[in-house]
Amino acid sequence: MDARALTAEIETHRRYLVRVAQLQLRDPDLAQDVVQETMLAALTGAGRFDGRSSVKTWLTGILKHKIVDAIRSKQKAPVPLATLDDEGTLDDIDALFKPNGGWQDPPADWGDPEAALNRREFFDVMEFCLEKLPPQTGRVFMMREVMDLETDEICKELKITANNLWVILYRARMALRTCLEQHWFADGARRAPAP
């Protein structure tokens, strides 16, 4: 990809990068700064982009490191535990299971999940599902699963216990599973849902 085409492609992902940064940083100005740093790093390092991944994936990797740096260097007000607890209860998740631990309604057949990962539409649906998570739950999920922050770092940043972290991650995973089943894995639903 030539430099002009890569520059144009990078610009098309700005809105997505800002959404990810705002979800993590909860500071619109800092999110804009981190995205600017990401785009500058991408343009400066364009010669190192070898095309083995999509431009969006490459930019997300750069953004991830910029967000982690911002989280580690910024001293901000802790997220009150009550805010995280207000986003749902375990009763919501427990309703999915029978008293013996089995599923009330077994998960749909997901076919070949690895094949789904090779389709752009899957990531559109995944992004839709992530945006439907309660804000703090989505933030915790992204910190752990996308930003690869360690349990200790997340707990310290959010002032929560490891047990609370695992409950929040459980809620996030169950909500994502349900959303993906409805909007991707259900028969005929393999398309991006309307916003």
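The values are calculated or read from the model by the stated rules, or taken from the named source; none is laboratory data. Keep in mind it's a predicted model, so treat the numbers as computed, not measured. Note that each Cβ is placed from the backbone with ideal geometry, even for glycine, and that neighbours are counted across all protein chains shown.
Selection over region 154-170 of residues that are farther than 25 Å from ASP69 by Cβ and free of Cβ contacts under 8 Å to residues at least 40 places away in the same chain gives a count of 3. Here is the figure for region 11-32: residues that are touching a Lys or Arg at 6+ places or on another chain (Cβ under 9 Å) and either more than 17 Å from MET147 (Cβ to Cβ) or touching a residue at least 60 places away in the same chain (Cβ under 8 Å) (or both) total 7.
Among residues of region 136-153 that are touching a residue at least 12 places away in the same chain (Cβ under 8 Å), those with a beta-carbon under 9 Å from a residue that is of a type in the set (Phe, Trp, Tyr) at least six positions away or on a different chain give the pairs THR151/TRP166.
Table: residues versus (1) in the same structural domain as LEU25 (by TED's automatic domain parsing); (2) at pLDDT 85 or above; (3) over 17 Å from CYS179 (Cα atoms).
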| position | (1), (2), (3) |
| --- | --- |
| ILE62 | yes, yes, yes |
| HIS65 | yes, yes, yes |
| THR83 | no, no, yes |
| TRP110 | no, no, no |
| VAL125 | no, no, no |
| CYS129 | no, yes, no |
| LYS132 | no, yes, no |
| THR137 | no, yes, no |
| ASP148 | no, no, yes |
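Inside region 125-141, residues that are in contact with a Pro (Cβ under 7 Å, 6 or more places away or on another chain) and crowded, with 21+ Cβ neighbours inside 10 Å make up a count of 1. Out of all the residues in region 11-34, is one or more within 23 Å of the chain's Cα centre (by Cα), modelled with pLDDT of 85 or more and among the aromatic types (Phe, Trp, Tyr)? Yes.
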